[in-house]
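J.: Here you go, one structure.
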Amino acid sequence: MSRPTASGLEETLAAFVERGARWIEAQRAAFRPAARPLPAAERERLSGFFSGRVLETARLARTGRIRNPGFLADFGRAGLPAPPDFTRMAGITFVDTVVVAEAGWPPSGPLLFHELVHVVQYGLLGVDEFTRRYIHGWAENGFRYETIPLERQAYELQGAFESSAGAAFSVEEAVRSRLGVP
């Protein structure tokens with residue numbers, strides 16, 4: 001199947017943004033009730049990087065394997081490359097709920113830091129805008145996961161955390177500045 005025209009691509013992406021945002025909300029609703037607070041040791045370790053609000057509201061949930069949204073195959077039917085395969089991910093964030101696959105459990109260090117960057121992004125953008133930027137970022141940057149600006153930002157901040165030797169910096173300020181939000 002051929003890729004949609006430019007105007008058709010915009011319409012197609014808008015439909016996937018809507019479906020994606022509703023899927024994210026449904027996943028949060030499914031995982032949040034059984035999710036637990038971050039362990040005290042992790043909250044302490046990350047307190048120089050994230051606000052108390054983020055560390056107190058974020059929750060962790062465990063799953064055997066992260067599942068793909070049911071509409072993932074629709075990307076191919078719409079003439080688009082397949083989005084990232086979520087079943088290969090160690091973790092995923094649904095607003096303020098970090099879901100970690102069994103293989104990545106218990107989450108700590110770089111994985112938890114990376115996912116908490118997404119909690120900050122969701123907090124600043126909201127579900128709809130986060131989803132719009134995620135899907136459009138994927139499409140506008142060659143349909144590759146590693147070029148999605150929200151992911152690049154999370155990986156860059158994760159790298160800064162890993163090389164910081166404990167020197168704190170504000171993730172929220174870094175995210176806010178890069179995203180251009182007040």
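J.: Would you tally the residues in the stretch 59-68 being open to solvent by 10 Å² or more (accessible area, probe 1.4 Å) and either in contact (Cβ under 8 Å) with a residue 60 or more places away in the chain or within 18 Å of the chain's Cα centre (by Cα) (or both)?
T.: The total comes to 6.
J.: Quick check, is Glu115 more than 26 Å from Pro182 (Cα to Cα) and out of contact with any Phe, Trp or Tyr (no Cβ under 6 Å at 6 or more places or on another chain)?
T.: no
J.: Among (1) surrounded by 15 or more Cβ atoms within 10 Å (Cβ to Cβ); (2) modelled with pLDDT under 95; (3) among the β-branched types (Val, Ile, Thr), which single condition is Thr93 missing?
T.: Just one mismatch for Thr93, condition (2).
J.: When only residues in the stretch 29-47 that are part of a loop (DSSP other than H, G, I, E, B) and of a type outside the set (Gly, Ala, Ser) count, which is nearest to Val95 (Cα to Cα)?
T.: Within the stretch 29-47, the match that is nearest to Val95 (Cα to Cα) is Leu38.
Okay, residues lined up against (1) under 21 Å from Arg62 (Cα atoms); (2) assigned to a helix (DSSP H, G or I); (3) modelled with pLDDT of 95 or more; (4) under 15 Å from the mean Cα position of the chain (by Cα):
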{"residue": "Pro81", "(1), (2), (3), (4)": "no, no, no, no"}
{"residue": "Pro84", "(1), (2), (3), (4)": "yes, no, no, yes"}
{"residue": "Leu124", "(1), (2), (3), (4)": "no, yes, yes, yes"}
{"residue": "Gly142", "(1), (2), (3), (4)": "no, no, no, no"}
{"residue": "Leu150", "(1), (2), (3), (4)": "no, yes, yes, yes"}
{"residue": "Leu157", "(1), (2), (3), (4)": "no, yes, yes, yes"}
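J.: Oh, and also: From the list Phe94, Phe71, which residue is touching a helix residue (DSSP H, G or I) at 6+ places or on another chain (Cβ under 7 Å) and in contact (Cβ under 8 Å) with a residue 60 or more places away in the chain?
T.: The unique qualifying residue is Phe94.
J.: Please find, within the stretch 86-106, the residue that is nearest to Thr57 (Cα to Cα) out of those that are of a type outside the set (Phe, Trp, Tyr) and in a loop (DSSP other than H, G, I, E, B).
T.: Asp96
J.: To continue, here is another question. Select from the stretch 48-57 the residues that are assigned to a loop (DSSP other than H, G, I, E, B) and more than 17 Å from the chain's Cα centre (by Cα) and write down the one among them that is surrounded by the most Cβ atoms within 10 Å (Cβ to Cβ).
T.: Phe49
J.: How do the pairs read when you match residues in the stretch 155-178 that are on the phi > 0 side of the Ramachandran plot with residues anywhere that are in a helix (DSSP H, G or I) and open to solvent by 30 Å² or more (accessible area, probe 1.4 Å), using Cβ under 9 Å and keeping only pairs 6 or more apart or on different chains?
T.: Every condition considered, the pairs that remain are Gly166/Arg45.
J.: Is there a residue being part of a helix (DSSP H, G or I) and either more than 19 Å from Ala14 (Cα to Cα) or touching a Phe, Trp or Tyr at 6+ places or on another chain (Cβ under 9 Å) (or both) anywhere in the stretch 59-72?
T.: Checking the stretch 59-72: not a single residue is part of a helix (DSSP H, G or I) and either more than 19 Å from Ala14 (Cα to Cα) or touching a Phe, Trp or Tyr at 6+ places or on another chain (Cβ under 9 Å) (or both).
J.: Could I ask something else about it? Just checking, how many residues over the stretch 14-38 are surrounded by fewer than 19 Cβ atoms within 10 Å (Cβ to Cβ) and modelled with pLDDT under 95?
T.: Qualifying residue count for the region: 2.
J.: Could you check the stretch 1-13 and list, in sequence order, the residues that are surrounded by 13 or more Cβ atoms within 10 Å (Cβ to Cβ) and either in a loop (DSSP other than H, G, I, E, B) or modelled with pLDDT of 90 or more (or both)?
T.: Within the stretch 1-13, Arg3, Pro4, Leu13 qualify.
J.: Shifting gears a bit: Please work out which residue is most open to solvent (accessible area, probe 1.4 Å), limiting yourself to the stretch 131-182 and to residues that are within 19 Å of Leu80 (Cα to Cα) and of a type in the set (Asp, Glu).
T.: Glu140
The values are calculated or read from the model by the stated rules, or taken from the named source; none is laboratory data. Every value quoted in this text rests on a predicted model; they were computed, and no experiment measured them. No Cβ is skipped: glycine too gets one built from the backbone with ideal geometry, and neighbour counts run over all protein chains shown. For the accessible areas, the whole protein counts, side chains as well, though only heavy atoms, and no ligand, DNA or RNA atoms are used. Shrake-Rupley method; radii C 1.70, N 1.55, O 1.52, S 1.80 Å.
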